[in-house]
Amino acid sequence: MKRFFLFAAIVFFAATAAAKEGSLNRIPSAWKWISPTEVAFTFDGTYADAGAFVTGLDGLLRYAVPESAREKKTLAEQIADIENPTLSPDKTLMAYTKWGDLYVMDVKTAQTVRLTSDGSDDISNGYAAWVYYEEIFGRSSKYRAFWWSPDGTKLAFYRFDEARVPEFPIYSPKGDKGGKLRITHYPKAGDPNPRVRIGFVDVTKAFEGATDVVWANFYEKDDQYFGKPFWGPDGQTFYVPREPRIQNQLELFAVNAADGSKRSLYKEQVATWLNWIDSPLFTDKGLYMVRDFESGWEQIYFLGYDGSLKRLTSGTNWNVKLLKADASGNVYFVANRDSQVRKTLYKLSPKGAVTALTDLSQSVGRCEISPDGKYFVAALSSLSEPVTIVLGETAPKKKYAGPKLLVDMKGPYYDPSDFPETKLISLTVDGLEIPGTMTLPKGFDPSRKYPVHVDLYGGPDTPVVSDVWRTPGVMAEWFWEKGVIAVRLDNRAAGHNGRKGLDQIYKHLNTIELEDFVAWGRYLQGLPYVKADRIGVEGFSFGGTMTAALILRHGDVFHCGIAGGGVYDWMLYDSHYTERFMSTPEDNPEGYAASRVIDYAKDFKGNARLKLTHGTGDDNVHFQNTLLLVDALQEAHADFDLMIYPDGMHGYRDYQAFHSTMTDFIFWMKYLLDE
């Protein structure tokens with residue numbers, strides 16, 4: 001029976017895809033200005049792909065991307081066993097890391113100089129410790145922890161000492177008869193963190209044999225974190241954000257790369273936690289940055305090099321991303337300002353006026369400002385409108401007819417009735433408005449009752465609800481065809497309500513967020529067209545945590561759920577993320593105890609069905625979490641489903657992803673649709 005169902009599902013997917021052939025066009029994945037009047041587009045990120053093209057300001061003529069704008073691999077980048085090969089600004093030198101040390105190569109001659117020599121299993125230079133990669137630099141960094149100065153004469157790098165950081169074993173059954181054991185340095189909540197030093201090397205002297213490192217004047221044994229750093233435009237000053245172990249203070253230092261001396265430029269402190277300074281814009285007099293300490297919302301500030309601070313905006317801004325500061329003093333940024341769920345491109349004038357440059361009814365995705373600040377190219381969409389890429393002016397004249405259409409996702413046979421219709425919904429809890437989306441099934445009849453599938457995440461400042469186009473995946477299509485109402489839900493701490501919503505969860509993860517999702521569940525149960533006893537829930541990572549907690553504690557509201565890759569005891573997750581919201585276990589033992597999903601198992605009434613999934617190779621949320629929850633459920637004599645993926649990472653890939661989808665279909669058929 002199951003084999004037949006899998007075959008039928010594959011046929012369904014193929015038929016659905018064939019039926020919509022020609023409905024949607026491919027959309028470029030990235031674009032960049034290659035001159036003040038030309039924009040290059042790419043579908044695979046290389047600008048060398050067959051579909052890549054360049055267009056001018058008229059948006060009409062298309063021609064091939066010039067060789068100089070293509071992302072090409074140099075000879076140095078093809079050397080084996082090197083990490084993060086990165087060209088200097090003038091592209092004459094290449095820096096990279098290898099086996100814990102930092103190197104620089106002359107691209108033309110291939111002459112190579114080793115800049116550090118103490119790399120080991122515990123020491124890495126220019127290659128990030130895992131917790132920095134995951135939580136501070138971000139996955140897009142690919143562990144790179146070195147940065148070229150603007151003039152290409154110096155390299156700054158972080159040196160990580162993980163000798164004190166506990167090691168965690170990850171077992172693989174593959175390989176030799178005994179399998180393989182991978183050992184990683186992973187600081188869990190309360191554990192010692194990596195010690196970090198910040199070094200500078202003058203690469204102009206390195207090729208002459210002088211590879212002395214200048215170390216920034218920080219005390220590496222302090223219990224601290226350093227954020228993502230930034231070179232100033234002078235090429236001499238390196239700006240380093242620092243936070244203590246309990247992340248409620250931030251200090252920005254200006255470090256002299258020549259001698260390592262530092263001076264404090266900016267300080268900030270709040271009662272809960274602070275986010276890092278991200279992507280500031282530098283000028284000759286100071287820098288623009290985004291902070292949220294003052295009004296409960298994100299505001300743009302100008303920080304002078306003399307330490308002076310001026311607030312430039314007001315209002316309910318969130319998810320602010322600074323794009324460019326032009327020569328006239330205008331600042332261009334994208335933000336949720338006029339809407340909780342839509343991002344808009346704005347221009348901030350030197351006098352403080354904020355002007356929307358894109359349609360408020362659509363949400364901005366990727367956006368790039370021209371080098372001279374006169375034009376922008378942006379992706380726009382909404383829940384009901386597929387993506388368009390447009391070219392617009394930043395200082396429109398009277399005859400300006402609006403942005404020009406460059407690319408349209410709508411294909412020649414696009415018909416909106418071929419796609420599920422999704423609408424915004426909202427819930428007000430404790431005076432805070434929380435958004436969600438609802439997709440009604442095909443042929444919806446309000447006189448009937450339908451089961452509901454809830455998709456959620458629930459982590460702090462990580463919303464899943466936005467008014468943007470989402471091309472339906474196979475699961476969404478299946479729910480639509482099978483008569484299931486599909487909803488996506490956020491809670492008060494997702495970021496839609498600024499710091500007021502976020503700060504309420506401090507030291508109490510899995511508490512208020514859970515109550516919000518229960519309120520959503522009861523709202524859904526009260527709708528006349530919902531089967532009140534057939535509401536399913538699904539989430540991965542933090543969403544897996546939320547899903548397991550909802551099923552184990554609120555089976556009267558959520559009747560079946562799939563929890564993937566979840567944290568079921570915050571003592572088992574990494575130090576930086578966990579302690580940002582929970583403080584340390586020593587400071588907040590009650591909060592950690594109350595949030596332990598593993599302990600919820602003993603009170604499980606068995607009135608809902610839970611499926612747990614996890615990859616055994618997950619180096620982010622360790623499989624240990626699910627094993628301990630399984631043990632607790634077995635001790636409680638609970639009946640549940642379990643699917644493990646050998647060597648699976650934090651998110652299943654290839655055949656494991658396919659298998660996960662197929663078996664999820666079977667679960668929903670049985671417990672949501674009673675088939």
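The values are calculated or read from the model by the stated rules, or taken from the named source; none is laboratory data. These figures come from a predicted structure and were not determined experimentally. Note that we place each Cβ from the backbone using ideal geometry, even for glycine, and neighbour counts take in every protein chain shown. The accessibility values were calculated without ligands, DNA or RNA, using every heavy atom of the protein model including side chains. Shrake-Rupley method; radii C 1.70, N 1.55, O 1.52, S 1.80 Å.
Mind running the shape call on segment 535-675? Use the C-alpha gyration tensor, a ≥ b ≥ c as the square roots of the eigenvalues: rounded below 1.5 for a/c, prolate if a/b tops b/c, oblate otherwise. Note, shape of segment 535-675 comes out oblate. Listed by chain and number, the lysines whose C-alpha is less than 22 Å from the C-alpha of Lys262, apart from same-chain residues fewer than 8 away, are Lys154, Lys221, Lys228, Lys285.
Do the alpha carbons of any pairs in Lys98/Lys205; Lys91/Lys310; Lys188/Lys670; Lys410/Lys531; Lys343/Lys398; Lys442/Lys602 sit beyond 30 Å of each other, and which pairs? Please report the intermediate quantities before stating the final value.
Working: Lys98/Lys205 21 Å; Lys91/Lys310 37 Å; Lys188/Lys670 38 Å; Lys410/Lys531 35 Å; Lys343/Lys398 25 Å; Lys442/Lys602 40 Å.
Check vs 30 Å cut-off fails for Lys91/Lys310; Lys188/Lys670; Lys410/Lys531; Lys442/Lys602.
A straight Cα-to-Cα reach below 12 Å connects Lys449 with the aspartates and glutamates Asp533, residues fewer than 8 places away in its own chain not being considered. Taking every DSSP beta bridge that has both ends in the chain, the antiparallel portion is near 80%.
Taking all protein chains as present, what is the carbon and sulfur share of the accessible area of segment 501-568, in % to the nearest whole number, probe 1.4 Å?
Of all accessible area on segment 501-568, carbon and sulfur atoms account for 50 percent.
Comparing Cα centroids, segment 389-443 and segment 483-524 end up 24 angstrom apart.
If I take all pairs of Cα atoms in segment 360-491, what percentage of them are more than 27 Å from each other?
Values: 3049 of 8646 pairs.
For segment 360-491, the fraction of Cα-Cα distances above 27 Å is 35 percent.
I need the peptides 487-496, 258-267, 533-542 ranked by packing, meaning the mean over residues of other C-beta atoms within 10 angstrom, with the highest value on top. The partial results should precede the final answer.
On the way: 487-496: 25.4, 258-267: 14.7, 533-542: 22.7.
Ranked from most to least packed, the peptides come out as 487-496, 533-542, 258-267.
Taking amide H as placed 1.01 Å from N in the peptide plane, the amide H of Lys410 sits under 5 Å from that of Asn25, each at least 5 places away or on another chain. Look at where the Cα atoms of segment 562-627 and of segment 229-245 average out, and the two centres are 35 Å apart.
Normalised by 2.2 N^0.38 Å, with N the number of residues, the alpha-carbon radius of gyration of the chain equals 1.00.
Can you compute the helix-only [θ] at 222 nm over the chain? Use -39500 (n - 2.57) per DSSP H run of at least 4 residues, normalise by all residues, nearest 500 deg cm²/dmol.
-4500 deg cm²/dmol
Looking at segment 556-675, the accessible area is 38 square angstrom per residue; that uses a 1.4 Å probe and ignores ligands, DNA and RNA. In this Cβ point-charge picture (+1 for Lys and Arg, -1 for Asp and Glu), segment 130-267 has a dipole of about 500 debye about its Cα centre.
Heavy atoms only, probe 1.4 Å: what % of the accessible area of segment 180-246 goes to carbon and sulfur, would you let me know?
Answer for segment 180-246 is 46 percent, counting heavy atoms of protein chains only.
In square angstrom, what is the accessible area per residue of segment 198-267 with a 1.4 angstrom probe? Walk me through the numbers on the way to the answer.
Numbers: 2970 Å² over 70 residues.
Value returned for segment 198-267: 42 Å² of accessible area per residue.
Quick check on segment 270-427: take the gyration tensor over C-alpha atoms, sort the square-rooted eigenvalues as a ≥ b ≥ c, and tell me if it's rounded (a/c under 1.5), prolate or oblate. It is oblate, given that a/c is not under 1.5 and a/b is not larger than b/c.
A Cβ-based charge dipole, computed about the Cα centre of the chain with Lys and Arg at +1 and Asp and Glu at -1, lands at about 1460 debye. Bridging of Lys180 to aspartates and glutamates at a Cα separation below 18 Å is possible for Asp121, Glu167, Asp618, Asp619, Asp647, once same-chain residues fewer than 8 apart are set aside. The distance linking segment 24-49 with segment 529-544 is 38 Å (Cα centroid to Cα centroid, whole angstrom).
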